[in-house]
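> Below: one structure in structure tokens.
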Amino acid sequence: MIKTPPALSMTRRGFLNTALVGAASMALAACTTVSREPPPVTPVAPPPPPDPVLPEYAIMYGPVVDENYEIPGIPYSKIDQQFLRQVVPDPTGEKPGTVVVETSTHFLYFVLPGGRALRYGVGLGRAGFAWSGEAVMQWKRKWPKWTPPEEMIQRQPELRKFSADNGGMPPGLKNPLGARALYLFQNGEDTLYRLHGSPEWSSIGKSVSSGCVRLMNQDVIDLYDRVKNGAKVVVTDIAGRPVAPAPADQGIPIDEGVPEARLLGPAGRSWF
């Protein structure tokens, strides 16, 4: 009979003991893993959705190259958002294509189909409050000249160089009429009332010392492209309220030199 050497017997026994201990440890570890609760997870707030408005305004009021003029971008975040261009329910009751200036709120509406309107913020000067009623947008001009009225020149003699006799102020980024001007007529006569652009974006939504109805240059360019010759324009204190008759003597200063051709031409003609 062959006997196993003691050393070998001890090694085999040690091996079996080690295996049993290892199996038990694995079983215990397995139970521990199953019974252990997962560590608490700190909830992470999802990122806010992108603002659907600001990117649009970044495009609307970004820098523009127009007729070789480089119009700088407007810091629209510094402007009350109600005065930024936006589509709203139409409060005017007018037909599509009509322009309504609401002086009490400093809003200008361009009426769209389907009960909507495109609303712009405007700044109003003394002349902007001096006239109300219904008119026709008779003609319009890109980058107009500006001719200060004589009473303004008397107050500010340095403006004499821009008088009608001197040809007015050339078009440009510093011109008070900005990138566009729309001229309003009533019964074939010039009301001397203008819807025009302005480089002074900070005046939008406010009442200022001079001018008629001013829009930011980016907005007046947009409006210019929408309004057709002969469009109805209503100037009122509250949109939807019947307008009062225009005063017989508006006393409104002339914003822009009137072309000689228009003075000589028949009423109703479009001048471009």
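> Looking at Asp66, Asp80, which is the one that is among the charged types (D, E, K, R), surrounded by 13 or more Cβ atoms within 10 Å (Cβ to Cβ) and more than 26 Å from Phe185 (Cα to Cα)?
Every option except Asp66 fails the conditions.
> Does Ile71 satisfy the condition of being crowded, with 20+ Cβ neighbours inside 10 Å, among the aliphatic types (A, V, I, L, M) and in contact with a strand residue (DSSP E or B) (Cβ under 8 Å, 6 or more places away or on another chain)? Break it down stepwise before answering.
Values: crowded, with 20+ Cβ neighbours inside 10 Å: yes; among the aliphatic types (A, V, I, L, M): yes; in contact with a strand residue (DSSP E or B) (Cβ under 8 Å, 6 or more places away or on another chain): yes.
Spelling it out, Ile71 is indeed crowded, with 20+ Cβ neighbours inside 10 Å, among the aliphatic types (A, V, I, L, M) and in contact with a strand residue (DSSP E or B) (Cβ under 8 Å, 6 or more places away or on another chain).
> Could you tell me which numbered condition Ser202 fails, if it satisfies all but one of (1) more than 19 Å from the chain's Cα centre (by Cα); (2) part of a helix (DSSP H, G or I)?
For Ser202, the exception is condition (1).
> Just one of Val208, Val235 is surrounded by 19 or more Cβ atoms within 10 Å (Cβ to Cβ) and not aromatic (Phe, Trp, Tyr); which is it?
Val235
> Right, here's the next one. So which residues in the range 93-131 are polar (S, T, N, Q) and surrounded by fewer than 19 Cβ atoms within 10 Å (Cβ to Cβ)?
Ser104, Thr105
> Then there is this: Within the range 169-183, identify whether any single residue is crowded, with 22+ Cβ neighbours inside 10 Å, of a type in the set (D, E, K, R) and under 16 Å from Gly211 (Cα atoms), and answer yes or no. Show your work before the answer.
Kept after step one, since they are crowded, with 22+ Cβ neighbours inside 10 Å, are these residues of the range 169-183: 175, 177-183.
Imposing the further condition that a residue be of a type in the set (D, E, K, R) reduces the set to 180.
With under 16 Å from Gly211 (Cα atoms) added as a condition, the list becomes 180.
Yes, some residue in the range 169-183 is crowded, with 22+ Cβ neighbours inside 10 Å, of a type in the set (D, E, K, R) and under 16 Å from Gly211 (Cα atoms).
Quick grid of which residues meet (1) under 22 Å from Asn187 (Cα atoms); (2) at pLDDT 95 or above:
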site	(1), (2)
Thr98	yes, yes
Tyr120	no, yes
Trp139	yes, no
Asp165	no, no
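> A follow-up question, please. Of the residues that make up the range 145-168, is at least one surrounded by 22 or more Cβ atoms within 10 Å (Cβ to Cβ), part of a strand (DSSP E or B) and touching a Leu at 6+ places or on another chain (Cβ under 8 Å)?
Yes.
> Taking Pro245, is it more than 20 Å from Thr147 (Cβ to Cβ), at pLDDT below 70 and in the same structural domain as Val88 (by TED's automatic domain parsing)?
Criteria met by Pro245.
> Additional query: Where residues in the range 57-91 are of a type in the set (S, T, N, Q) and either part of a strand (DSSP E or B) or more than 15 Å from the chain's Cα centre (by Cα) (or both), which of them is farthest from Val234 (Cα to Cα)?
It comes out as Asn68.
> Within the set of pairs 6 or more residues apart or between chains, which connect a residue that is closer than 19 Å to Gly133 by Cα and in contact (Cβ under 8 Å) with a residue 12 or more places away in the chain inside the range 170-189 to a residue that is of a type in the set (A, V, I, L, M, F, W, C) and surrounded by fewer than 17 Cβ atoms within 10 Å (Cβ to Cβ) with Cβ atoms less than 8 Å apart?
Listed by first residue and then by second, the contacts come to Phe185/Ala267; Gly188/Ala267; Glu189/Ala267.
The values are calculated or read from the model by the stated rules, or taken from the named source; none is laboratory data. Since the model is a prediction, treat every value here as computed from it, not as a measurement. Every residue, glycine among them, receives a Cβ derived from its backbone with ideal geometry; neighbour counts consider all protein chains shown.
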